[in-house]
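The structure appears below as structure tokens.
Please treat every number below as a calculation from the coordinates, not as lab data. Because the structure is a prediction, the values reported are computed rather than measured. With ideal geometry, Cβ positions are generated from the backbone for all residues, glycine too; neighbour counts draw on all protein chains shown.
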Amino acid sequence: MIASRTPVSLHSLLVAGDHGKRCVAGGRKRGRVQRRHLTQALESFWRHAPRPAPPAAAARGEANRSWQPPPLENPAFEEYYKEQRIVREEEWDDFISVLRKPLPATFRINASSQSFKDICSKLENDFKRYLESEVSDEYGEDAIRPLPWYPGNLAWHLNFSRKQLRKNQALESFHEFLKHESEVVCAAPGSKTFQLLEMIHQSKEPGLLPRALVVANDVNAQRCDLLIHNMKRMCTANLIVTNHEAQNFPDCCLANDLSEIYKNDCKPQRLEFDRVLCDVPCSGDGTIRKGHDMWRKWNSGMGNGLHLLQVDISMRGIALLKVGGRMVYSTCSMNPVENEAVIAELLQRCGNSVELLDVSNELTELVHRPGLSTWKVQDKGSWFQNHDDVPCDRKNVILPSMFPASKSIQEGHSVCDDIEVNTGSNGSFSRNFSIEKTNKVYCDTDGISNSNTTKHSDSTPNSTGSNFPLHRCMRIVPHDQDSGAFFIAVLHKLSPLHECQMVEVTKTKVLDDDESLEELKKNSIDAHTSEDSNLTEVTLVSDDVKNDQAESGNRMNKLQDQCKWKGVDPVLFFRDLTVIKSIVSFFGINISFPLEGHLVTRSADPNNARRIYYVSKSVQEILQLNVVVGEQLKIASLGLKMFETHRSKDGCPCAYRLSYEGLPLLLPYISKRILCASPNDFLRLLQYRTVNFAHFIDARFGEEAASLIPGCCVVILREGHQNLDLGSTTMDPTTIAIVCWRGKATLNAMVSPPDRKELLERITHRFGLKALRVEEDENPRRQN
């Protein structure tokens, strides 16, 4: 969780990319059509009117051939970080030299994937040896190697960039392998959410659903859709995706007074989380090796403009955190105004309620450096060491919280259990209040520093330092392990925040006159999401959510038929017991896998639900709480698609069929409608999708299929010496199976072409069979 930015996730593989390109992915087909028409028009034009290019065009062609990429330099960038002393003076040349080199490609393997072992085997036995023999002269002996600090050899480092991976013919087969594994799940956002889900699923008892859940939030609706799409391969019923401004994430509080929240430990009155990953929007200059445009557009105002938003999001995360819980604050920025300054402000606001943890021993082989204790703030080319020096007309832009903070109690403040409170403000507790009066109230003490805090030996006597233990923060710098730059801090909540700390976030203006917040967010997205970071993402993890449901029944029934959020489908519990019993009976679902109370639909009319989703007990409890509090959560997605309606007229007695997405979860609990196929017949279904009963290689399998009444069924891959008898087949989440439809004379695989392709390649590789391709023509006559 702490270092999930460095590798991206593999299936399998989640390839990070430019946010703008991802947002317009839906228009690619239209774009291809337009480009094809344009190409045809141009070909027709030149065919009927051939003539040499005019001199001006020829000159432009020469100019294009002589075009060179912009230089990877920015004097303001270098001046800023030299002044901040983020590395020692003798390291500067190495540091800046690495920043100008392409970022090596990395990927992370999804250990919960069914093909996990196959992927590891292919990497270790095939590609590692091949790359060492073919490209070692060009890229070194360790052209591909596991990251030493990541457990289980599940994250890998390549000595070449993604561009080199695409262009080098010697790497073509490896590139195709990575592309395929990427296409099965698609790209970011979502790799950190995926990784958190992996953690909770790997920690569960065998055969049981995990008790924990993940709530992934994104302010951007389009990115929520992408995240939802990318999570399908995880096959989890323990995820909720919400669409809120992270700084205003609702707490679903039932208590009338904050003091009532902790009266009864058995019945919490609000939504709280055991872990919060606060992956805030940032300037993203730590991604400069992969986003070279950052050299051109970088300026110090980018970090200044995002600082207060980062503080507000982080404070909201702490407010949602349980006592005893932890919050990870992370950025892909090198700027102390976005990093240490934010952490210092959190510690200042929260007082003894929160502590900054030293987690340097968690990943011992991850080379990292301590956080800074001193830094300066730059505004319009001028440097400031404390807020007193900021001109009056800039004090609403350059805030006190941007400077190093001490724990001393200043004049004009009172103390509430060792927590500094500005008594003259009705807003949230912050050094940023009453900005016009800061010259009287805020006087940072020069030279204050903690004896344990790491300081640069060349710090100036007049520099202002923080006596918060900011050395416990972790800085990842590019030239230590040939990576990007990152910042990580882990905060531990010791006691509830006081009421004066839990008021609403203020809307303080912190922008330059010539730059809007939307522009800052855009710049942040362009670089920050290239490391698969969700804009204003607060990924929340909860182990146990209980609530007082005494009065919930009537309110739930009243709200079941409506949705508070415009443009968002309602989340309704599916309560048709007749349909549920029909599904249980048709597929022989064991009572140990309860459906009643765990099924929801997004259809406005739950009696005609087209899709039914399964949710875990923990998700169910949050939904019930959300209904009671008036649907404060804006839910974009939840649960796992388990059942879908069908339109078949073959006489199937069950109105719903199984969904391939939910099959791995449900399969161990199904006892009816199951067929076992040999590898050859299983591959035949995947290759052709529709197969006549008489065309299967194993005649007995065809007979078994024909003997079923029409409707949905499951076909399991028979491995080893298993026979066709169901009793000899052990079914668990690792079993390879697909959803099929038994028609009048055929068996039809209900699997998408990408999934069929992935299964074809995995099975042919496992059994050493001839490679096959997905046949798009489904005419059974071609199968003879």
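Listed values for the range 228-241 are Karplus-derived 3J(HN,Hα) couplings in whole Hz (6.51 cos²θ - 1.76 cosθ + 1.60, θ = phi - 60°), namely 4, 4, 6, 8, 4, 6, 6, 6, 10, 9, 10, 10, 10, 10, and x replaces Gly and Pro. When each of the peptides 739-745, 147-153, 467-473 is scored by the mean number of other C-beta atoms lying within 10 Å of its residues, the order from highest to lowest reads 467-473, 739-745, 147-153. The simple Förster model, with R0 at 22 Å and r as the Cβ-Cβ distance, assigns K167 and R100 a FRET efficiency of 0.70.
Share of pairwise Cα-Cα distances greater than 19 Å in the range 673-776 is 37 percent (whole percent).
Peptide packing for 663-669, 155-161 was compared via the average number of neighbouring C-beta atoms within 10 Å per residue; ordered from the highest value, the list is 155-161, 663-669.
In order along the range 663-675, the phi-based Karplus estimate (6.51 cos²θ - 1.76 cosθ + 1.60, θ = phi - 60°) of 3J(HN,Hα) comes to 4, x, 6, 8, 3, x, 9, 9, 10, 10, 6, 10, 10 Hz; Gly and Pro are listed as x. Length gained on full extension, E90 to W565: 165.4 nm, using 0.36 nm per residue less the C-alpha separation. All C-alpha pair distances within the range 238-386, sorted into 5 Å bins from zero, spread as 2, 8, 14, 18, 18, 16, 11, 7, 4, 2, 1, 0 percent across the bins.
Our estimate of slack between L208 and A694, defined as 0.36 nm per intervening residue step minus the Cα-Cα distance, is 171.0 nm. With θ taken as phi - 60° and the Karplus curve 6.51 cos²θ - 1.76 cosθ + 1.60 applied, the whole-hertz 3J(HN,Hα) list for the range 84-91 is 7, 6, 6, 9, 5, 4, 6, 8 Hz, x standing for glycine and proline.
D by Stokes-Einstein for the range 560-696, Kirkwood Rh over Cα pairs, 20 °C, 1.002 mPa s: 127 µm²/s. Put simply, the amide H of L321, placed in the peptide plane, has neighbours under 5 Å in F273, leaving out anything fewer than 5 places away on its chain. Suppose R0 equals 56 Å; then what is the FRET efficiency for K117 and K82 from their Cβ-Cβ distance, rounded to the nearest 0.05? Efficiency at R0 = 56 Å is approximately 0.70. When each of the peptides 488-495, 613-620 is scored by how many other beta carbons lie within 10 Å of its residues on average, the order from highest to lowest is 613-620, 488-495.
Computed extension length for E176-S582: 141.7 nm, one decimal, from 0.36 nm per residue of separation with the Cα-Cα distance subtracted.
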